[in-house]
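Each reported figure results from applying straightforward, stated rules to the coordinates on display, with no laboratory input. Because the structure is predicted, anything quoted here is derived from the model rather than measured. Cβ placement follows ideal geometry from the backbone for every residue including glycine, while neighbour counts extend to all protein chains displayed.
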Amino acid sequence: MFNLFFHDFAYHTKIDNHEQIKQKIFNQKYLSVLQDTLEWECKVKTSFKKTLIDDSIFSDIQLEIKKIVHEMLSKISPSSKISSIDFPKSNIWMNLYNVGDYQDYHDHTNNKCNFSFCYFMNYDPEKDAKFVFFNEKFKMFRTQGLTDQLLFDLGIHDNIFPNVEEGHVIIFPSHYTHRTTIQQYDTNRCTVSGNFFVNV
Ligand SMILES: [Fe+2]
């Protein structure tokens, strides 16, 4: 039999009070202040690092994320205790994608976080750009002469497309490489992303 080792993990669930959060944050007051950024290889309007939006408006999201992290850890290891979940200042931001917008491969590593999240606040699964994880191990197998098809048949993929709907959130270790495909519609695809440190 085949054994597949070295599993990576991410936690994918729904935000409980998504509708209230969307009503409070997804409006012109905040969307209109988002700006282009030169910080990343991307084309996207964002509040990242410019303190365009005060962290306080994301407080409900932070509470939801903390609740979900407790749920996640209890499923991994019911006996584990979390001593703290810390959100560093300016490590939560909003991104808005319209036609032609995208984000190239990147990760969220810095010395203040071990987990990151992406919350799909305004998202149409039929039209909006996909969130994609990149499996770093795939290229190592490829350089050993294994064909893409053989790897796919083994269930090992280079690009992983989580099945996302509006109101969903994905929590993942901050070092995971990921990207956003090119947005094809003016549907105001909007996400809130952030970084935090879980002390266990
Ligand atoms: Fe990201």
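Observations on the model:
- Residue of H18, H106, H157 that the Gaussian network model of the chain assigns the largest fluctuation, springs spanning Cα pairs under 10 Å: H157
- Kirkwood radius for the range 17-78, taken over all pairs of different Cα atoms as the inverse mean of 1/r, rounds to 13.8 Å.
- Taking 7 Å steps out from each Cα toward its Cβ at L52 and F161 produces label points 2.8 nm apart.
- Between I76, I61, I160, the residue with the greatest mean-square fluctuation in the GNM of the chain (Cα pairs under 10 Å linked by springs) is I76.
- When the listed pairs K29/K67; K24/K49; K81/K130; K67/K127; K75/K130; K24/K89 are checked against a 32 Å cut-off, the alpha-carbon distance exceeds it for K81/K130.
- Here the average projected area of the convex hull drawn through the C-alpha atoms of the chain stands at 13.0 nm².
- Local electrostatic count at P173 - Lys and Arg +1, Asp and Glu -1, tallied over other residues with Cβ under 11 Å: -2
- From least to most packed, judged by other beta carbons within 10 angstrom and beginning with the fewest, W40, W93 follow the order W40, W93.
- With N the number of residues in the range 96-200, Rg(Cα) / (2.2 N^0.38 Å) evaluates to 1.19.
- Fewest-first sequence of F117, F161 by Cβ atoms within 10 Å of each Cβ: F161, F117
- Net length gained if the chain between N110 and H12 were fully extended (0.36 nm per residue, minus Cα distance): 33.0 nm
- The chain: most fluctuating residue of F115, F172, F138 per GNM, C-alpha cutoff 10 Å: F138
- Exposure proxy ranking, count of Cβ atoms within 10 Å, fewest first, for S116, S32: S32, S116
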